[in-house]
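Data block below; observations after.
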Amino acid sequence: MSQKKLPRRYTTLLVISVMIILALILLFIIHYHLGSSGLVTPEFNLQAIILIFLTLIDILVILTLIFVLSRYLVKTFFEKRTRRIFTGIKTKLTLALMALAILPIAVFMFLSYEVINESVNQWFSAPAEEILRQAENLAQEYYELVIEQTRRDMRQFLADFPAGQADAAAVRRFRDRSGSDALMLLDDAGRLIWSEKATALPDDILQLDNTRLIQQNVKADEISFYVENHPEADHVVCFVRYPGPGDRILVCIRRIQGSVAYRAFVITEAYQEYFQLKNQVELIRLNYFIVVGATGIILMFAFVWFSLYISKQIIVPVQALLDGSQRVAAGDFSMPIRCDARDEFDVLIGSFNQMMQELQNNKSIIEEASRRLKQVNAELENRNAFIHSVLNTVAAGVVSLNEDLVITVYNDAVRHLLKQRHIQINQTQLKDVVPREKYFELLRLLKETEFYQRVSREVIFRSGKREMHFVVTATLLQDYDGRRTGYVIVFDDVSDLIKTEKAAAWQEVARRLAHEIKNPLTPIQLSMERIRKQFKKMKDEDRLPNSSEVQQFEQLLAESLETTRAETRTLKYLVEEFSRFARLPVPTLRPTDLNTLVEDVVRGYAGEGNRTLVRMDLAGFLPEIYADAELIRRVIVNLVDNAIEAVQEKDTEGLVRVTTWYEENGPRILLAVEDNGRGIPEEMREHLFLPYFSTKETGMGLGLTFVKKILDDHDALIRAENLNRGGCRFTVEFRKVRSGEHEIRPSGT
Amino acid sequence: MIALLMIVLNLGNLFGLLGSESGQVGEIAVECRPDAIVVVCAVGDLDEGRLRQLLESGEIVEFTYQIEHQVQRRMWFDVNLGEYQIQKILSYNPLARQYLARRLAVDEATEERIFPDFHEAFYWLTSLQVRLPRLPDPEPAGREYLRVRVVQQKSRFLLLIPREMSTPWQKVAVKCP
């Protein structure tokens, strides 16, 4: 079951109403029980309890107000010291309201001080005091008169009855004659011996206390007296030691007229009250000052509290709004302002909270959109990276251009193919990366794309004496509206393809040439042999004249035959070589240890006694390759032979080094054969692997062609390069590496 | 309300004669008699004018002489041999121009006096002669002593907490054979 909470404003009103009612009840109780006199002293327990209760309330109220005010001021002071925002205005507002509250009260207190001072001085003015004094004297003189009359009566009695011979009738007569109200004779212990008194005299006029008083103050030669304040009337009691036997005391009593006694009592009371007040004048003054001061202080506290309350009504909502605006400025819309404000502040805070809510909603939408955008961007980046990776794996060079022919995208192959190391995206232009004559050729190509979308053409780039054959494909890029946005150019390096095609063509030529040449060679050889045999037979049978001409002919024939034989042999060798080239077997790939092959080959060159030193530098760890061992052996033999021949052309001591190593990047296994010969002439490097191209006088130019063919069949690469120190190096790169089985072999030389 | 508080707080002070600034018990004379110790002392430095003013304005002035007969012992709670109180009450009748005095004490008859002269009344109020009983087993010589002070009246702070206006304690050695 949920409890409904009252709004705070109603709670405050309720509290204030209850406090006012309690205060009114309290005032009523005070008025009823204590009266409205200025100086109140407790006369019975209830008054004392009320006074204590009021006093405690006073103390509690003052302490509470002091605590609240001090706490607020200390808090404000420290807030100002810490330079917390809004504390400046808060302090000023608080001080201003406090000053507005304190100033009138201070004026009120000052005026009250003056009024009280003047009033108190007026109360104790000299005429009033003199009147009272004279009235008091008047009463005293009247009493003295009665006392003196009573004394005189006693003296007369003592004169009339000096030795105590008075009898009752004489005493009565004397009392009637003198007008005294009573005549008594007491013994030493205060007990009554005889008495003569008027009927109106109260019976209890002489109590035990009075007799003791008389007894203790009685004198023999002096009449003593005192005034008995009886409820009915004051009485003058005179007493003296009565001569005669025993210690007797004569007492004479005279009543003071009731009205006179009453007036005298009133005068005396007024006189005493006046002087009591006069004695306490400073205290009374102080008390009034304290009343005024305390009232002022309470009022001041109340006004200050009220001013703080008012300032709080303003400051708290404004501070809450300020805090809220700061949080909004910092981007925090999560917490609405929670503040019990009233009136317009309530509306303002409500509007602010609504604004924060809307901002929060908008922020959520923006954050969601931003998150999605980031996600899309990340996906795009991933896709770009993927495309870039794919592009980098493509052997063809790919370059994307914008409308101004500035490179926007390219892959690594472009830098390699166009020999450009520094290409900067969105800065480098197409003309900066291609030769000038090719740039215009490419421009024409790009122009054609506007009509055919995609155009391909073979373009030959020359770098020095080297030629690179590219199939350049240009594609026009368009947006959804068909507007041109750029181009993509693909440089496909077909140099190797052309070389392969050339090699295949040569192979076919060789096969046909061998076939066409080989067939007539035997008849030629046989014919020449028959001519030689026929001529020898004719000579042996002496069917030829022994003339110089025949001798010359014989010599010519012999030379011709020898020449024909030699050339035929040469032709035969040539044909055999071409046949071998044309009939290279299809390799059978098996796991092969390259180091073992190299060792076998190099071992064959050891101990020949030649001046060329063949050294090995084999990798300690070399995985097996998938290769046809016999064909690879021929490759190594061919390369080593070429190297030895290259170094033997020089007069210096030759050195051939065969090296193997493994590169994990790929992975790939490399074989290098290098020499310290003269190196490869630059103009020959392009045709190095073409058939019938040799730098050697005796060579057919098919060795490296075989090598290239075998390595192509193994999906291996070969490249040749000159060394800076002299000589050249052929590097073979095997890419079909058997992974997972690694055999570590000791390196050997 | 604050005024009430202040009046309540100052009720005692309105009629205060004794305190740290005025009213001291003077030299105390001790006379050893076979059956009693007679103590004679007086309150000095009392403001005569203020006393007269109080009396004439109707106040009743009451002095209580407190006498403690003690002995020097190690334990503080074991030092008392006897405690005595004598009350002296003085009032003024303005119509008769007399001062009425009364002396009250335990085991002593009430004494009532009439003084037509203020000085006599003042002397009576501020001086004391009292007979104290001698102890059956006297303490070693020089260890007994008397403490005397005069309490004017007892008031209550906030009407609850007792407080008194009195002279300081005056001490005198009892050297009875």
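The values are calculated or read from the model by the stated rules, or taken from the named source; none is laboratory data. Since this is a predicted model, take the numbers as computed values, not measurements. Note that each Cβ is placed from the backbone with ideal geometry, even for glycine, and that neighbours are counted across all protein chains shown.
Can you tell me which residue among A:187, A:209, A:221 is more than 60 Å from the chain's Cα centre (by Cα), acidic (Asp, Glu) and within 12 Å of residue A:240 (Cβ to Cβ)?
That would be A:221, the only listed residue that is more than 60 Å from the chain's Cα centre (by Cα), acidic (Asp, Glu) and within 12 Å of residue A:240 (Cβ to Cβ).
Report yes if some residue within the range A:72-84 is out of contact with any Leu (no Cβ under 7 Å at 6 or more places or on another chain), under 30 Å from residue A:281 (Cα atoms), not assigned by TED's automatic domain parsing to the domain that holds residue A:222 and not hydroxyl-bearing (Ser, Thr, Tyr); otherwise report no. Let's see the steps before the verdict.
So in the range A:72-84, the residues out of contact with any Leu (no Cβ under 7 Å at 6 or more places or on another chain) come out as A:73-84.
Applying the additional criterion that residues be under 30 Å from residue A:281 (Cα atoms) yields none.
For the range A:72-84, residues out of contact with any Leu (no Cβ under 7 Å at 6 or more places or on another chain), under 30 Å from residue A:281 (Cα atoms), not assigned by TED's automatic domain parsing to the domain that holds residue A:222 and not hydroxyl-bearing (Ser, Thr, Tyr): absent.
Restricting attention to the range A:261-274, report how many residues are closer than 20 Å to residue B:61 by Cα and more than 9 Å from chain B (Cβ to nearest Cβ).
The total comes to 1.
Looking at the range B:42-61 only, could you name the residues that are assigned to a strand (DSSP E or B) and away from chain A (no Cβ under 14 Å)? I'd like the intermediate steps shown before the answer.
Residues of the range B:42-61 assigned to a strand (DSSP E or B): B:42-44, B:61.
Result: B:42, B:43, B:44.
Could you tell me which residue of the range A:238-256 is nearest to residue A:204 (Cα to Cα), considering only residues that are in a strand (DSSP E or B) and either among the hydrophobic types (A, V, I, L, M, F, W, C) or within 11 Å of chain B (Cβ to nearest Cβ) (or both)?
For the range A:238-256, the residue satisfying everything is A:253.
Can you tell me which residues in the range A:450-503 are touching a residue at least 12 places away in the same chain (Cβ under 8 Å), of a type in the set (Ser, Thr, Tyr) and more than 23 Å from residue A:411 (Cα to Cα)?
Hit for the range A:450-503 is A:500, nothing else.
For the range B:62-106, which positions are charged (D, E, K, R), within 14 Å of chain A (Cβ to nearest Cβ) and not in a strand (DSSP E or B)?
Result: B:97, single match.
Are any residues in the range A:612-622 modelled with pLDDT of 90 or more and surrounded by 20 or more Cβ atoms within 10 Å (Cβ to Cβ), and if so, which ones?
Residue satisfying the conditions is A:618 alone.
Output the number of residues of the range B:30-45 satisfying the condition of being closer than 19 Å to residue B:151 by Cα, at pLDDT 85 or above and either aliphatic (A, V, I, L, M) or more than 13 Å from the chain's Cα centre (by Cα) (or both).
Final tally of qualifying residues: 4.
Would you be able to say whether some residue in the range A:226-237 is without any contact (Cβ under 8 Å) to a residue 40 or more places away in the chain, more than 14 Å from chain B (Cβ to nearest Cβ) and not hydrophobic (A, V, I, L, M, F, W, C)?
yes
Inside the range A:199-216, can you point out the residues that are within 13 Å of chain B (Cβ to nearest Cβ) and surrounded by fewer than 18 Cβ atoms within 10 Å (Cβ to Cβ)?
The answer is A:207, A:208, A:209, A:212, A:215, A:216.
Restricting attention to the range A:135-157, does a residue exist that is of a type in the set (S, T, N, Q), assigned to a helix (DSSP H, G or I) and outside the structural domain of residue A:194 (by TED's automatic domain parsing)? Write out each step before concluding.
From the range A:135-157, those of a type in the set (S, T, N, Q) are A:137, A:140, A:149-150, A:156; that's our starting set.
Filter once more, keeping what is assigned to a helix (DSSP H, G or I): A:137, A:140, A:149-150, A:156.
With the extra rule that they be outside the structural domain of residue A:194 (by TED's automatic domain parsing), the set shrinks to none.
No - not one qualifying residue is present in the range A:135-157.
So which of A:433, A:398, A:406 is crowded, with 16+ Cβ neighbours inside 10 Å and farther than 19 Å from residue A:473 by Cβ?
Result: A:406 is the single residue among A:433, A:398, A:406 that is crowded, with 16+ Cβ neighbours inside 10 Å and farther than 19 Å from residue A:473 by Cβ.
What single numbered condition from (1) modelled with pLDDT under 85; (2) closer than 17 Å to residue A:477 by Cβ fails to hold for residue A:420?
Failed condition: (2).
For residues in the range A:123-139 being free of Cβ contacts under 8 Å to residues at least 40 places away in the same chain and within 14 Å of chain B (Cβ to nearest Cβ), which is nearest to residue B:94 (Cα to Cα)?
A:137
Name the residue, out of A:286, A:277, that is within 9 Å of another protein chain (Cβ to nearest Cβ) and either within 30 Å of residue A:67 (Cβ to Cβ) or out of contact with any helix residue (DSSP H, G or I) (no Cβ under 7 Å at 6 or more places or on another chain) (or both).
Among A:286, A:277, only A:286 is within 9 Å of another protein chain (Cβ to nearest Cβ) and either within 30 Å of residue A:67 (Cβ to Cβ) or out of contact with any helix residue (DSSP H, G or I) (no Cβ under 7 Å at 6 or more places or on another chain) (or both).
Just one of the numbered conditions (1) at pLDDT 75 or above; (2) closer than 14 Å to residue A:116 by Cα; (3) crowded, with 16+ Cβ neighbours inside 10 Å; (4) among the hydrophobic types (A, V, I, L, M, F, W, C) is not true of residue A:284; which one?
Of everything listed in (1) at pLDDT 75 or above; (2) closer than 14 Å to residue A:116 by Cα; (3) crowded, with 16+ Cβ neighbours inside 10 Å; (4) among the hydrophobic types (A, V, I, L, M, F, W, C), residue A:284 misses just condition (1).
Considering only the range A:632-671, how many residues are assigned to a strand (DSSP E or B) and within 16 Å of residue A:600 (Cα to Cα)?
6
Okay, residues lined up against (1) within 30 Å of residue A:155 (Cα to Cα); (2) modelled with pLDDT under 75; (3) of a type in the set (A, V, I, L, M, F, W, C); (4) assigned to a loop (DSSP other than H, G, I, E, B):
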{"site": "A:235", "(1), (2), (3), (4)": "yes, no, no, no"}
{"site": "A:267", "(1), (2), (3), (4)": "no, no, yes, no"}
{"site": "A:272", "(1), (2), (3), (4)": "no, no, no, no"}
{"site": "A:298", "(1), (2), (3), (4)": "no, yes, yes, no"}
{"site": "A:309", "(1), (2), (3), (4)": "no, no, no, no"}
{"site": "A:315", "(1), (2), (3), (4)": "no, no, yes, no"}
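Might you let me know whether the range A:181-198 holds any residue that is within 14 Å of chain B (Cβ to nearest Cβ), surrounded by fewer than 16 Cβ atoms within 10 Å (Cβ to Cβ) and out of contact with any His (no Cβ under 9 Å at 6 or more places or on another chain)? Spell out the reasoning first.
Taking the range A:181-198 first, the residues within 14 Å of chain B (Cβ to nearest Cβ) are A:189-190.
Restricting the remaining residues to those that are surrounded by fewer than 16 Cβ atoms within 10 Å (Cβ to Cβ) gives A:189.
Restricting the remaining residues to those that are out of contact with any His (no Cβ under 9 Å at 6 or more places or on another chain) gives A:189.
Checking the range A:181-198: at least one residue is within 14 Å of chain B (Cβ to nearest Cβ), surrounded by fewer than 16 Cβ atoms within 10 Å (Cβ to Cβ) and out of contact with any His (no Cβ under 9 Å at 6 or more places or on another chain).
If I filter the range A:304-317 for residues that are assigned by TED's automatic domain parsing to the domain that holds residue A:108 and farther than 21 Å from residue A:97 by Cβ, do I get at least one hit?
No.
Let me confirm something: among B:105, B:101, which residue is at pLDDT 85 or above, among the hydrophobic types (A, V, I, L, M, F, W, C) and touching a helix residue (DSSP H, G or I) at 6+ places or on another chain (Cβ under 7 Å)?
B:101
Among residues belonging to the range B:107-128 that are among the charged types (D, E, K, R) and outside any loop (DSSP other than H, G, I, E, B), point out the one that is nearest to the other protein chains (Cβ to nearest Cβ).
The selected residue is B:112.
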